[in-house]
Structure formats: structure tokens, C-alpha cells
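J.: Once you've had a glance at the structure underneath, I'll fire off some questions.
Bear in mind that the values in this text are calculations on the coordinates, not laboratory data. Just so it is clear, the model here is predicted, and its values are computed rather than measured. Because the Cβ atoms are built from the backbone with ideal geometry, glycine has one as well, and the counts that use them run over all protein chains shown.
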Amino acid sequence: MYKLIAIDLDGTLLNSNGIVSKRTKEVLEKILNRNIEIVLASGRPINSIKAIAEEIGSRKYFIAGNGAIVYDIKKNEILYKNFLKKDKILDVIKICEENSIYYNIYTEKEILTTSLKYNVLYYNKENSNREEKDRIKINIVENMYEYIEKLDREDFLKITICDENKLIFNSIIKKIKQIKDIEVLDIEHMSRKTITHGTEKTDITYSYTEVSAKNVDKWQAIEQIMHIEKIKKEEVIAIGDNINDKKMIQNAGLGIGMKGSAPEVIQVAQVITEFSNNSEGVAEILNKILNLNI
């Protein structure tokens, strides 16, 4: 019997417009009524995930920053954290700026950026569909290196690095991997997001990677929850689509990859959904596996 379902957000639970469908919410509600925990596991900051957790009725835990944070929803506090050190952030910023490659920095509650591009442009559009309290806070900073250097806090979850030119992107990643005591995701999968303006749709496609502290991943964060709740790995379902979901899909009792997932995910997943995130793939597969009859 399954007791915990960890679900990625972008490319998995959310469609390309950042929405959880009505049918998916109905499926998740029925699962929660069976006392099976639903844990959102995302690279997003706290406030964004908290809003979606509230929307689907998940009331215990979620994972932010790809595993940098385990958050207790009831107590409204961080249970576990593994943040990037400021000196590592500054090292990455220096390389990105010297090579004119786009990056943004995720903290507990906001995204720091120098301009609205790629993933931040998508989140900015998503914010227009949400109430003020549920929006991702986006802080546009003119001189990032100087801004970070002067900050008196260290709540850095990750750095996302993006570029449309794959050759340039890969050469910069090689340089960043030379920095010690960080994790750099080996991502060859392109991110594809859709921004809708009335009837007009714009697709955003780009290569990206994510830099985090050493030993940060979603599975380690899930293990923190498993320990608290006394749940065994064979009682866990993990669903995702990209390389940052690989470890949780590989280690869970049942690892599910979305249709169109990164090749690395497809290799380790026990099940691949018949439908994509734009066709309610999460709802369909959970309805089938758990015999929900919805």
C-alpha cells in the first residue's frame, strides 16, 4: 500500500500554462481522502509551492529548491535545509557575467534576476493569474554581484543558468563544474514553456542547468519526510519529468516518468505515463494505479 506520493510541478503536475486542471484536483482530493500524503517536490521557492499545495489540498509537507528545503505546512516552518554558500554564489555569478550568460538565483521566498527572461519570464506571466499573496516574488537587481556580496543572509536554494545556444551553454557549464562543493545538474533536456496572451501563445525553449549545494536532491528530502512519518521506500510513488527528478524516481517504490521526459528519467522509471502534463498525465496514471475509478 502506498503512503506517500511525491510529485514534481513544472512539466509534471502543471500544464504548460502553470495550471492544475480540475480533473487532476479531483483525483488528488480522492487520494488525500485515502490518507495518502501528497508531497509537492519542486525547484521553486517556498511561496509558489505553498500556493499550489493549498490549491490541491496538500497540508503536511512540500519540498522546495530541488531538495534544499523540506517545509512543514502546518507549522509554517522549515524542517530541513541545505543552502548554497554565498562564496559559491559569487563564483558562479562571476563566470556567468564574464561570459554574458543568463542566470537567476532562488532564495527561500524570491527569485533574484537582472532581467525577465526564460524561466523568470514564464513565472512573471504565471503571477498575473494568481492573487498577490500566492505570487512568486521576483526581485530585479541591477548589479547582482554587489547585491549578493552585501546581503547579510544566506538562504540561497539554487542558481538556474539558461541559454538558447547549446554550444555556448555547454562550455559555460564546464567552467562552473570546476567550482568545488556544489552540485551541477547534467541537463541536456530543453525546457519548453508556453506563455499565453489572450488567444496568442508564445513558446519559450532553452537549455538550462541548476546549481545547488552539495548533496541536494529531491530523494534526500523525501527521506527526511519518510523518517518523520515512518514510511518505507516501497510505500513511496515519485512522479517527474526531468533530470532533477531522476534520483527520486530511481529510488521510490514506484518511479513514474511523464510522457516526453528527459532520456535519463525514461531510463530509470518503472512506468511512463501514456499522457503528457498537458493531457492530465498525473491524474490518468494515479487513477489507474490506485484504482480510483474517477
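J.: Starting from 0.36 nm per residue, how many nanometres of slack lie between E149 and K85 once their C-alpha separation is accounted for?
T.: 21.9 nm
J.: Provide D87, D245, D72 in ascending order of the number of other Cβ atoms located within 10 Å of each residue's Cβ, fewest first.
T.: With the fewest neighbours first, D87, D245, D72 line up as D87, D72, D245.
J.: Something else about it: So how tilted is helix 118-127 from the main axis of the chain? Cα-based, degrees 0 to 90, rounded to 10.
T.: For 118-127 against the chain, the angle is about 60 degrees.
J.: Also: Here are several values of mean projected area of the Cα convex hull in nm²: (i) 21.5; (ii) 14.7; (iii) 23.0. Which one was derived from the coordinates shown?
T.: Comparing each candidate, only (ii) matches the computed number.
J.: Still on this structure, please answer the following. For the range 51-78 and the range 106-144, what is the centre-to-centre distance using only Cα atoms, to the nearest Å?
T.: If you average the Cα positions of each part, the centres end up 19 Å apart.
J.: In nm, to one decimal, how far is the S115 label point from the N215 one, both placed 7 Å along Cα→Cβ?
T.: With each label point 7 Å from Cα toward Cβ, the separation is 3.9 nm.
J.: What Kirkwood hydrodynamic radius, in Å, does the range 86-211 give when the mean of 1/r is taken over all pairs of distinct Cα atoms and then inverted?
T.: 15.4 Å
J.: What order do you get for K3, K232, K85 when you list them from fewest to most C-beta neighbours inside 10 Å?
T.: Ordered from fewest to most neighbouring Cβ atoms within 10 Å, K3, K232, K85 come out as K232, K85, K3.
J.: Using θ = phi - 60° and the Karplus relation 6.51 cos²θ - 1.76 cosθ + 1.60, list the HN-Hα couplings for the range 88-96 in order, rounded to whole Hz, with x at every Gly or Pro.
T.: Here the 3J(HN,Hα) series is 6, 4, 5, 4, 5, 4, 4, 5, 4 Hz.
J.: By how many nm would the segment from F275 to I168 lengthen if fully extended, with 0.36 nm per residue of separation less the alpha-carbon distance?
T.: Here the segment from F275 to I168 would lengthen by 35.2 nm.
J.: What list do you get for F169, F62 if you sort them by fewest beta carbons within 10 Å?
T.: Arranged by neighbour count, lowest to highest, F169, F62 become F169, F62.
J.: What list of whole percents do you get for P(r) of the range 39-78, with Cα-Cα distances grouped in 10 Å bins up to the one holding the largest distance?
T.: Per 10 Å bin, starting at zero, the Cα-Cα P(r) for the range 39-78 comes out as 36, 62, 2 percent.
J.: In addition: Could you work out [θ]222 nm for the chain from helices alone, using -39500 (n - 2.57) per DSSP H run of at least four and dividing by all its residues? Round to the nearest 500 deg cm²/dmol.
T.: Rounded to the nearest 500, the figure is -9500 deg cm²/dmol.
J.: Of the listed pairs K86/K175; K125/K175; K3/K117, which have alpha-carbon separations greater than 29 Å here?
T.: As for pairs spanning more than 29 Å Cα to Cα, those are K125/K175; K3/K117.
J.: Continuing with this model, one more query. Comparing K246, K174, K60, which has the greatest mean-square fluctuation in the GNM of the chain with Cα pairs linked when under 10 Å apart?
T.: K174
J.: Here is a further query. Would you mind calculating the gained length between K177 and E98 on full extension (0.36 nm times residue separation, minus the Cα-Cα distance), in nm to one decimal?
T.: Value of the extension gain: 26.9 nm.
J.: Can you tell which of E274, E131, E210 shows the greatest fluctuation in a Gaussian network model of the chain with Cα springs below 10 Å?
T.: Evaluated over the chain, the most mobile residue of the options is E131.
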